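K.L.:
One structure follows; several queries about it will come next.
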Amino acid sequence: MNPKLESLRSSGSLPRFIAVEGAIGVGKTTLAHRLAETFNYQVLLERPQENPFLERFYQDPKRYALQTQLFFLFQRAEQLRDARQEDLFTDVKVSDFLIDKDKLFAEVTLDEDEYKLYQNVYQHMTFDAPTPDLVIYLQAPSDVLLQRIQQRGVASERDINGAYLDRLNDAYARFFHFYDRSPLLIINSTDIDIVNREEDYQQLVDYALDIRSGRHYFNPRPLL
């Protein structure tokens, strides 16, 4: 039991909506699950396996970018809308996506005319999206991401290459350089192992519990 967490829970001071973000392979879903278990929160996850265009996009990005992006936009907006209708937003939750970042992928993958169309749809789909009380942004170099993607062996991801991950990482860096809608915690996931080193995870939780505003960077303390 974490005394700081229980104290904040008793006082009603815990963040009620935490969003975990980062490029593919960075570990955001794993962290979202762990946080949901620790905080006893509901978990709201992306469902990339449901996108019928995703594997074709990785094989032929130019041809399938718009279909892939619009499917994800509709899916994420529907998840948030369903959660609101079910009154889940009176409860507490952790998600492994931030709807604001949807445009990030569109900027990377769409041409100018496609992006204009996407922007118009995006404005209509996300005007009432909830704002997280804390956003956690996981970073990792492209070579680390590619290694992790190859290790997990998901069939639809086999055509992902380093050049695409470089563009994605650059887009994430630009997006979060200007992001200020929520308190932001930035973590280099190459320096933290929340699966195999429990002390790393507990340090992260303790650090996150102190965040109320602004931009923060987490580095695990070495054990003595």
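Values in this text are rule-based calculations from the coordinates and carry no lab data. This is a predicted model, so every value here is computed, not measured. Counting neighbours? That spans all protein chains shown, and the Cβs are built from the backbone with ideal geometry, glycine included.
K.L.:
At most 15 other Cβ atoms within 10 Å and a DSSP loop assignment: could you name the chymotrypsin sites (Phe, Trp or Tyr not before Pro) in the stretch 118-157 that fit?
P.N.:
Hits after loop and neighbour filter: F127.
K.L.:
With the cut-off at 1.5 for a/c, could you classify the stretch 118-224 from its C-alpha gyration tensor as rounded, prolate or oblate?
P.N.:
oblate
K.L.:
Semi-axes of the equivalent ellipsoid of the chain: what are they in whole Å, largest first, if each equals the square root of 5 times a C-alpha gyration tensor eigenvalue?
P.N.:
After scaling each eigenvalue by five and taking roots: 29, 22, 15 Å.
K.L.:
Straight-line reach from K4: which aspartates and glutamates have Cα under 20 Å away, leaving out those fewer than 8 places along the same chain?
P.N.:
E37, D133, E198, E199, D200, D206, D210
K.L.:
Give me L31, L146 ranked fewest to most by other Cβ atoms within 10 Å of their Cβ, as a rough exposure proxy.
P.N.:
If I rank by nearby Cβ atoms, fewest first, I get L146, L31.
K.L.:
Picking from A77, A171, A163, which is most flexible by a Gaussian network model of the chain using Cα springs under 10 Å?
P.N.:
Greatest mean-square fluctuation among the candidates belongs to A163.
K.L.:
Provide the gained length on full extension for the span S7 to R47, in nm with one decimal, where the gain is 0.36 nm per separating residue minus the Cα-Cα distance.
P.N.:
11.0 nm
K.L.:
Mind checking which lysines have their Cα closer than 16 Å to the Cα of K93? Skip sequence neighbours fewer than 8 apart in that chain.
P.N.:
K28
K.L.:
Using θ = phi - 60° and the Karplus curve 6.51 cos²θ - 1.76 cosθ + 1.60, what whole-Hz ³J(HN,Hα) does each residue of the stretch 161-169 get, with Gly and Pro shown as x?
P.N.:
Whole-Hz 3J(HN,Hα) from phi for the stretch 161-169: 10, x, 5, 5, 5, 4, 5, 5, 4.
K.L.:
What's the exposure ranking of E37, E112, going from fewest to most Cβ atoms within 10 Å?
P.N.:
E112, E37
K.L.:
Sticking with this structure for a sec: Can you tell me, using C-alpha contacts under 8 Å and at least 6 residues apart, the relative contact order of the chain as a whole percent?
P.N.:
Relative contact order of the chain: 27 percent.
K.L.:
Which one of S213, S13, S95 has the biggest mean-square fluctuation once the chain is modelled by GNM with Cα springs under 10 Å?
P.N.:
Highest fluctuation among the options: S13.
K.L.:
Just want to confirm a number: the relative contact order over the stretch 146-224, from Cα pairs under 8 angstrom separated by 6+ residues, in percent.
P.N.:
29 percent
K.L.:
Could you give the angle, 0 to 90 degrees to the nearest 10, between helix 142-152's Cα long axis and the longest principal axis of the Cα atoms of the chain?
P.N.:
Taking Cα atoms only, the helix is inclined about 90 degrees.
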